[in-house]
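> Please read through the structure below; I'll follow up with questions.
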Amino acid sequence: MNYTLNQLQIFLKVAQLKSITKAAVELNLTQPAVSIQLKNFQEQFESPLIEIVGKKIYVTDFGIEVSGLIEQILTQVESISNLNKEKNKRLTGKLRIAVVSTGKYVMPYFLTDFLKLNAEVTLLMDVNNRAGVIYSLENNEIDLALVSVLPDKRNFESLELLPNNLFLVGKETIKSKKKGGESINFSELPFIYREKGSATRRTMERFIEKKKIQPVKKLELTSNEAVKQAVLAGLGYSIMPEIGIRNELTNGLLHIVPAKGLPITTSWQLIWLKGKQHTLVSKSFLQHLKMEKDSIIAKHFS
């Protein structure tokens, strides 16, 4: 047996209407096309499916049995088609994102509503240092990356999400002794650094260079959270993104050191490789952000 879905549909319609002409009209086919497919279908059976007496078509008992089975088959085919349509309405698959360590305070707020709306999407989020995030991006291991300073290479596209303000902070309050100016001796402050390659480290080094400070280098740590804990312990001062220390500033556990040139403002940006062939999931997520990012910022970051 080697009949096609088209032949099944044609035979069933002929059996129902008992007319090749009417079947051709309903199926939007020519009468010869219906006759040929009907003949090809009949040739696969030893018993006749229909009998033509005069100009009338009669369905044989065998043909009635076959047409009943065809109805069941076509119902199942329609169910498969509907399932496919329904599945296309439901977004399924993986969303792969890498974020720099401080980005863990940002990215979840931009993901929450999207993941609630699309419960069958699986999130794979890697929190890494900047070098690790850029490596994953350049090797196409992820769909999107969240960074606060854009990579030097311009082989990417980006979507700006949120301003990123960085302040000099410490456990102890330091006030300027001079009205309208600075008399803080920054060279006496023990500085806590992020690791080399970190965007926060680069920002801090530029501030130090601009101020011509000869810093006391106290510690070098590999995550924003580790730096925060060291500052909370009173081990020194550091330039940190406000987003990661909001609670500590509000509760008075950390204090901003006033300094000209601060805060330094960069921006949180979602980036991807130029020419990237986005999956349906990552494409839908980007569309969601373009439409909803302003309301997300107003709700969580105002």
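> Cβ contacts < 9 Å: first residue closer than 12 Å to LEU91 by Cβ, restricted to region 112-125; second residue exposed (fewer than 14 other Cβ atoms within 10 Å of the Cβ) and not basic (Lys, Arg), any location; separation 6+ or different chain. Result?
ASN118/THR92; GLU120/THR92; VAL121/THR92; THR122/THR92
> Here's a follow-up. Of the conditions (1) aliphatic (A, V, I, L, M); (2) surrounded by 13 or more Cβ atoms within 10 Å (Cβ to Cβ); (3) out of contact with any Leu (no Cβ under 8 Å at 6 or more places or on another chain), VAL53 fails just one. Which one is it?
The single condition VAL53 does not satisfy is (2).
> Taking the residues in region 91-122 that are part of a helix (DSSP H, G or I) and among the β-branched types (Val, Ile, Thr) as candidates, determine which candidate is surrounded by the fewest Cβ atoms within 10 Å (Cβ to Cβ).
Step one: of region 91-122, the residues part of a helix (DSSP H, G or I) are 101-105, 107-117.
Those still in the list that are among the β-branched types (Val, Ile, Thr) too: 102, 112.
Details: THR102: 29, THR112: 12.
Across region 91-122, the extreme among qualifying residues is THR112.
> State all residues of region 209-250 that are under 22 Å from ASP152 (Cβ atoms) and crowded, with 17+ Cβ neighbours inside 10 Å; if no residue qualifies, say none.
First pass over region 209-250, keeping only residues under 22 Å from ASP152 (Cβ atoms): 209-210, 222, 224, 239, 241.
Within region 209-250, ASN224, ILE239, PRO241 qualify.
> How many residues does region 255-281 hold that are in contact with a Gly (Cβ under 7 Å, 6 or more places away or on another chain) and assigned to a loop (DSSP other than H, G, I, E, B)?
The total comes to 2.
Throughout, read-outs are computed from the coordinates displayed, never taken from laboratory work. Since the structure is predicted, the reported quantities are computational estimates derived from the model, not experimental observations. A quick note on method: Cβ atoms are made from the backbone with ideal geometry, for glycine too, and the neighbour counts reach across all protein chains shown.
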